[in-house]
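As structure tokens, the structure follows; a few thoughts come after it.
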């Protein structure tokens, strides 16, 4: 698979993101609708997609194989944050900026972009492995990320871990071990599938809306070019190698190797913007990292995916 073929697979993801921005500009997706769509996507559509991908998944039928994807997801994000922290240390930026850089560059876009690509590149069963991996990423982002920003333990982030997608992963994983796909009503499974198919388009449109809103924000203060360039370099050039090396040399199922290749090629996640705002960190710096890595990834994603797949012999 050459660069242009991979670019052709990646491009629809960016087109949907761009469409979201256009719909915001012409006011067909208004700010008043954001809350409703976010709740619909997070509490209904995404849990349905997760359940549809996990139930009947032969790759997740063995309880002994369920622990590795989330553990790797957690550890790789933790190491990524540590790498970014080391790179930013010489810059001596304020704590609020440093913390925003660590969480923004240290967490890859593990949902909005990687899920539709996994659906195209791999079999349906691999998507279930991806969601298990994302469970570990989510825990690392809310626990380690908030610790980096606040440097103190607190209980608020634990409540954020108890959300519909997390519960969907745990419940559907347990039901899959009980072979629920064989005895659940057909109409229920079809309903899950229909709802799940809408999850990614809605999520990508919302991602485009978010990016458009942030692009319109103007700031008088000049960007911290040194720290910004280091954070972006870490996300798009250094951290992919961490994921690819793990996929290449650590013993694991082939489906998990494939998941790590996609995860390593991703730009920064968008949720850190929200986390930085909640904890009064430098959300402006977070926005700059996310916007730059997302734009650069239009070129780097196909290159990294091609390199990563060849590395694991796919």
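Table for the structure above
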| quantity | calculated |
| --- | --- |
| Residues being modelled with pLDDT of 80 or more and under 19 Å from residue 257 (Cβ atoms) - total across the range 55-74 | 8 |
| Residue, surrounded by the most Cβ atoms within 10 Å (Cβ to Cβ), within the range 268-278, restricted to residues that are under 16 Å from the mean Cα position of the chain (by Cα) and assigned to a helix (DSSP H, G or I) | 272 |
| Some residue of the range 233-243 being assigned to a helix (DSSP H, G or I), out of contact with any helix residue (DSSP H, G or I) (no Cβ under 6 Å at 6 or more places or on another chain) and either modelled with pLDDT under 90 or surrounded by 23 or more Cβ atoms within 10 Å (Cβ to Cβ) (or both) | no |
| Residue check, residue 293 closer than 24 Å to residue 91 by Cβ, surrounded by fewer than 24 Cβ atoms within 10 Å (Cβ to Cβ) and touching a helix residue (DSSP H, G or I) at 6+ places or on another chain (Cβ under 6 Å) | no |
| Selected residue [touching a residue at least 12 places away in the same chain (Cβ under 8 Å), over 16 Å from residue 211 (Cβ atoms), within 18 Å of the chain's Cα centre (by Cα) and crowded, with 23+ Cβ neighbours inside 10 Å] from 265, 281 | 265 |
| Residue within the range 15-29 that is farther than 30 Å from residue 190 by Cβ and modelled with pLDDT under 85 present | no |
| Test: residue in the range 156-171 that is closer than 27 Å to residue 49 by Cα and at pLDDT 85 or above | yes |
| Residue 189 being modelled with pLDDT of 75 or more and either in contact with a helix residue (DSSP H, G or I) (Cβ under 8 Å, 6 or more places away or on another chain) or in a loop (DSSP other than H, G, I, E, B) (or both) | yes |
| Meets criteria (part of a helix (DSSP H, G or I), under 21 Å from residue 105 (Cα atoms) and modelled with pLDDT of 85 or more) for residue 133 | yes |
| Matching residues in the range 163-180 - criterion: being farther than 30 Å from residue 35 by Cβ and either touching a helix residue (DSSP H, G or I) at 6+ places or on another chain (Cβ under 7 Å) or surrounded by 15 or more Cβ atoms within 10 Å (Cβ to Cβ) (or both) | 175, 176, 177, 180 |
| Cross-chain or 6+ apart pairs with Cβ under 6 Å, the range 197-208 first and part of a loop (DSSP other than H, G, I, E, B), then at pLDDT 80 or above | 198/45 |
| Cβ-Cβ under 9 Å pairs, at least 6 apart or on other chains, the range 286-301 side free of Cβ contacts under 8 Å to residues at least 60 places away in the same chain, far side assigned to a helix (DSSP H, G or I) | 299/7 |
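The values are calculated or read from the model by the stated rules, or taken from the named source; none is laboratory data. Source: prediction; values computed, not measured. Please note: Cβ atoms are built from the backbone with ideal geometry, for glycine as well, and neighbour counts cover all protein chains shown.
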